[in-house]
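Trainee: Sharing a structure with you now.
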Amino acid sequence: MKKLAAILFVIAVMLGHAFAEPVAYNESSEANWSSMSYRNLQILKILDSREGYVVLYQKGKIGTGRTVIPKSWNRGNPENPRKLKVRFLPGGKLKSFMTVVKKDGEFHHVVLTVPANRNDSVWGVISYRQSVEGTGKETLEELEF
């Protein structure tokens, strides 16, 4: 009985291979590769100001980097989609991070994944009177990873 079941299984597998249709989508083909790429960076501190966010992020294993992300990027229209998306961290042990998305090697948008609670230690505030340089830029500078 076991031999019969094994033989039927082998025949079913062989028939499946014989009548299978080739797959049109092939990941190894360069034509199917996406032009989008992304990089996740851990956020050490995010300072909220009137015009934008000053983000201090972890560079690789050692060192920190700093960038300014204008709050105006959070608004968009059909001709100019928004360049900033802010989403809140789910509960758990996940830490804040920033995702930089590129299309064809050029900056496309940035996603900040941060705690909703502004009392969290990752959040900080810059004085309302203090101006932050870099809030008028149109694209994110090349970040050091």
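Where a number appears in this text, it was derived from the coordinates with a stated rule and is not lab data. A quick note: this is a predicted structure, and the numbers were derived from the prediction, not measured. Every residue, glycine among them, receives a Cβ derived from its backbone with ideal geometry; neighbour counts consider all protein chains shown.
Trainee: Regarding the stretch 95-114, can at least one residue be identified that is assigned to a strand (DSSP E or B), β-branched (Val, Ile, Thr) and farther than 21 Å from ARG82 by Cβ?
Mentor: Checked against the condition, which is being assigned to a strand (DSSP E or B), β-branched (Val, Ile, Thr) and farther than 21 Å from ARG82 by Cβ, the stretch 95-114 yields no hits at all.
Trainee: Let me ask something additional. Which pairs have Cβ atoms under 7 Å, sit 6 or more apart or on different chains, and link a residue in the stretch 66-82 that is among the acidic types (Asp, Glu) to one that is outside any loop (DSSP other than H, G, I, E, B) and surrounded by 15 or more Cβ atoms within 10 Å (Cβ to Cβ)?
Mentor: none
Trainee: Would you check if GLY91 is part of a loop (DSSP other than H, G, I, E, B), closer than 17 Å to ARG118 by Cβ and of a type outside the set (Lys, Arg)?
Mentor: Numbers: part of a loop (DSSP other than H, G, I, E, B): yes; closer than 17 Å to ARG118 by Cβ: yes; of a type outside the set (Lys, Arg): yes.
Answer is yes for this residue.
Trainee: For the stretch 48-77, give me each residue that is within 20 Å of ALA116 (Cβ to Cβ), more than 19 Å from the chain's Cα centre (by Cα) and charged (D, E, K, R).
Mentor: The one that is within 20 Å of ALA116 (Cβ to Cβ), more than 19 Å from the chain's Cα centre (by Cα) and charged (D, E, K, R): ASP48.
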